[in-house]
Amino acid sequence: MNHWLVKSEPSAYSWDDLVQDKKTAWTGVRNFQARIHLRSMRRGDRVFIYHSVVGKCVVGEAEVTKEAFPDATATEGDWVCVEIKPLQPLRHPVSLEQIKADDRLSAIGLIRQSRLSVMPLSAEEYRIILNLGKKAAA
């Protein structure tokens with residue numbers, strides 16, 4: 001199983017929207033590196049949902065339910081999306097500040113490539129963020 005983080009502005013599509021919809025095609029990605037990551041996602045992979053711009057925090061955990069397929073929102077180009085379903089909200093959202101403050105997470109894409117909307121995480125990085133979400137921020 002692989003681990004990922006995807007970003008969305010909550011005003012465009014939030015964790016609550018995903019929970020209400022029960023599943024969604026993760027569309028609208030128009031970055032070549034992010035597209036490579038979408039194509040690498042496999043059914044059953046775990047995905048963190050990160051609210052960008054407003055909130056700036058990991059808010060929930062989802063699962064890939066359908067591997068890369070053509071993005072119907074693309075008017076040109078070879079863009080893809082994946083389908084995801086919500087698994088669980090994090091008990092305590094994990095803020096960007098918490099992530100930056102944890103030396104074990106210093107190499108993740110969220111810090112190194114802050115504009116990238118789809119990024120891989122190692123199993124260890126995923127576990128660290130999941131554990132941070134189990135306890136309130138200090």
Conditions (1) within 27 Å of residue 21 (Cα to Cα); (2) within 14 Å of the chain's Cα centre (by Cα); (3) surrounded by fewer than 19 Cβ atoms within 10 Å (Cβ to Cβ); (4) not aliphatic (A, V, I, L, M); number of the one not met by residue 75 = (2)
Could you say whether any residue in the range 53-63 is more than 19 Å from residue 133 (Cα to Cα) and modelled with pLDDT of 95 or more?
-> no
Filtering the range 17-63 down to residues that are hydroxyl-bearing (Ser, Thr, Tyr) and over 12 Å from the mean Cα position of the chain (by Cα) yields 24, 27, 40
In the range 35-50, is there at least one residue being acidic (Asp, Glu), outside any helix (DSSP H, G or I) and either in contact with a Lys or Arg (Cβ under 9 Å, 6 or more places away or on another chain) or on the phi > 0 side of the Ramachandran plot (or both)?
-> no
Examine the range 54-66 for a residue that is in a loop (DSSP other than H, G, I, E, B) and either crowded, with 19+ Cβ neighbours inside 10 Å or aromatic (Phe, Trp, Tyr) (or both), and state whether such a residue exists.
-> no
Could you give me the residue pairs with C-beta distances under 6 Å whose first residue belongs to the range 114-130 and is under 19 Å from residue 34 (Cβ atoms) and surrounded by 13 or more Cβ atoms within 10 Å (Cβ to Cβ), whose second residue is modelled with pLDDT of 95 or more and among the charged types (D, E, K, R) wherever it lies, and which are 6+ apart or on separate chains?
-> 117/7
Give the range 102-138 a look and list any residue that's assigned to a helix (DSSP H, G or I), farther than 15 Å from residue 57 by Cβ and in contact with a Leu (Cβ under 7 Å, 6 or more places away or on another chain), or say none.
-> 109, 125
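The values are calculated or read from the model by the stated rules, or taken from the named source; none is laboratory data. This is a predicted model, so every value here is computed, not measured. Cβ atoms come from the backbone with ideal geometry, glycine included; neighbour counts cover every protein chain shown.
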